[in-house]
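Structure, as structure tokens:
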Amino acid sequence: MSVLIKGMEMPKNCDDCRLGIDCAYDESQYGYKMMGGRPHNCPLVPVPPHGRLIDAEALKKNAYPFPCAIGTEWAVTLRQINDAPTIIQAEEGE
């Protein structure tokens, strides 16, 4: 399971990180921390700017088939999209 911490800026390096997560570069384990960036295996990932994020898999379960010229397509109505549960709210200004 992932965790989103609203309003938290991505640490630029290990010294800026205040999460206390089990990290391969934890100074208690290796005696140092990365100061010039985050390691390639850092478990933190940024969430890019976005609008409202919904659960697409849940939405697909409500899709319905309709015939078209090349076979069967699956459709979701705008109402279903609007009513889909929000997983992560849109960022301010989005």
When a/c reaches 1.5 or more, the comparison of a/b and b/c decides; with that in mind, is region 50-94 rounded, prolate or oblate per its Cα gyration tensor? prolate
Note down the nm distance, to one decimal, between modelled labels 7 Å out along Cα→Cβ at C68 and at I5. 4.4 nm
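Laboratory data are not the source of any read-out in this text; all were calculated from the coordinates shown. Predicted model only: the values in this text are computed from it and were never measured. Every residue, glycine as well, gets a Cβ built from its backbone with ideal geometry; the counts of neighbours run over all protein chains shown.
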